[in-house]
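The values are calculated or read from the model by the stated rules, or taken from the named source; none is laboratory data. Here the structure is a predicted model, which is why all the values come from computation and not from measurement. Every residue, glycine as well, gets a Cβ built from its backbone with ideal geometry; the counts of neighbours run over all protein chains shown. In case anyone asks, the SASA skips ligands and DNA or RNA and just uses the protein heavy atoms, side chains included. Shrake-Rupley method; radii C 1.70, N 1.55, O 1.52, S 1.80 Å.
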Amino acid sequence: MSVKKSSKLDLLVRVRYSNPLPAPPCPPKLLDIPTHPMRYARPEFLNAVASETPLPVIVDAECGMPLDLGKWESLWEENADDSNLNPDPLNLPKLDPKDALLLVDPSSSTGLYTNGHPGSGSGTSTPLAHVTWLRKTEYISREGVQRSGIQEPKHLVSASIDISRPAQLRDIEASFAACNNDFSLEDLRHPNNPKLTAVESYPVLPDAEIWANQYDLFRFSERPGERPVDVEDPRLDCAVLRPMKTEHDSFLAYYLTQDDDSATKFKETRFGLQPYEVPEDQEETIFHFVRDYETVKVEQEVPNEFLLVLYDGDPSEELDAVLDESHSKLPPRAKGAYYKNIERKMLLKKKRANIYDQYEDKWEIIRLLHQPMSKEEEEEREEALAEVVDPMFLMARGDADAEGEVEMDEGGYANGVIDVLAES
């Protein structure tokens, strides 16, 4: 006995390739189909006819506004009367009643108008801007708020301020006295949390040791490297970011050391030397390519974020000035909060690998060694350091800018050595 298997393939074909006939435009003959007569009274009923009908637009050379210049003799004859064109402001001609309505400001008018003619009404007419059916409600409410906010200007008597040089010096000296003599930690109150009390105060000073450097802050959308988030990675704070460029894109190549020992040894060697000091028998540190990162957001100006170092001072340290490699003596480091501004902030995300990208010079390995600063780099560093070391820097910079001798960057500082601060 054979069993026949049913198939729904024909049903699927009919559904997939269905082609229903459109509804008839009018009822067929001998059939009574009720149709509401208001269907033909709607505005959209004639939209198809209106869109297919061309509108004849006939515009003459005068654009529909003929102007006969022959009526004014002053345009063609010399010494002719031009009172019709340039009437006397003190003796203006009588205005035609048809044009009087055009000179009325509806928003400031107090009379009523009926059919275009002014009348004497008992009430005040509603300004044109407050007609509900003329404009949207959101615009009317916004304009009402703006009008309510407009008030008569108050005439404030401003006191005269002495801006002479002796007055400025006097005010500056008074500010130092207020901070040094009348300063008390017990009187300080937190603006948001009154339970907090101040326990220590630091003078805020520019960090002269790193002021010549330029720092950028990089934020990663994900933790860089191949290790999980819960595993400590000492290699991240000594990574290398190398700018890369293709034909249509610019990005950053990210490099890390192969193991933790190489990163730890590199940091110990770096922190064991004076700034800009190069060891005699230095060993190269090898960094391996990890992946490419592309910039999502770049902030060229960072006015509210700084590098801040709180230094309490050490009595056992010598107070002699530190002599660096550029032979410029820095002042002794006293107790204070030392700051350095951040030049730029960048948000990085992983760049999708593209086999069709043509790199100019892609490196798989970087062998890192330190070298002494060149003479040009030392001069640029001295110019940047003079901003916080030289008391006559402002006067010297004004003279140099007038002569065009100093090249400043967008941040207002001389170009110098660039260090990178990375934050995951």
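Brief remarks on what is shown
- When residue 256 is tested against (1) open to solvent by 60 Å² or more (accessible area, probe 1.4 Å); (2) within 20 Å of residue 349 (Cα to Cα); (3) not in a loop (DSSP other than H, G, I, E, B), just one condition goes unmet, and that condition is (1).
- Residue 246 meets each of the listed conditions (1) of a type in the set (Ser, Thr, Tyr); (2) more than 26 Å from residue 338 (Cα to Cα); (3) without any contact (Cβ under 8 Å) to a residue 24 or more places away in the chain apart from (3).
- Selection status of residue 401, open to solvent by 60 Å² or more (accessible area, probe 1.4 Å), touching a strand residue (DSSP E or B) at 6+ places or on another chain (Cβ under 9 Å), more than 30 Å from residue 256 (Cα to Cα) and at pLDDT 50 or above: yes
- Single residue of the range 339-382 satisfying the filter (of a type in the set (Phe, Trp, Tyr) and open to solvent by 70 Å² or more (accessible area, probe 1.4 Å)) that is farthest from residue 283 (Cα to Cα): 356
- Across the range 210-242, the number of residues qualifying as open to solvent by 80 Å² or more (accessible area, probe 1.4 Å) and either touching a Pro at 6+ places or on another chain (Cβ under 9 Å) or within 20 Å of residue 271 (Cα to Cα) (or both) comes to 1.
- Residues of the range 260-281 satisfying the condition of being open to solvent by 60 Å² or more (accessible area, probe 1.4 Å) and not hydroxyl-bearing (Ser, Thr, Tyr): 261, 265, 268, 270, 271, 272, 274, 275, 277, 280, 281
- Residues satisfying the stated conditions in the range 161-195, i.e. open to solvent by 90 Å² or more (accessible area, probe 1.4 Å), of a type in the set (A, V, I, L, M, F, W, C) and part of a helix (DSSP H, G or I): 169, 176
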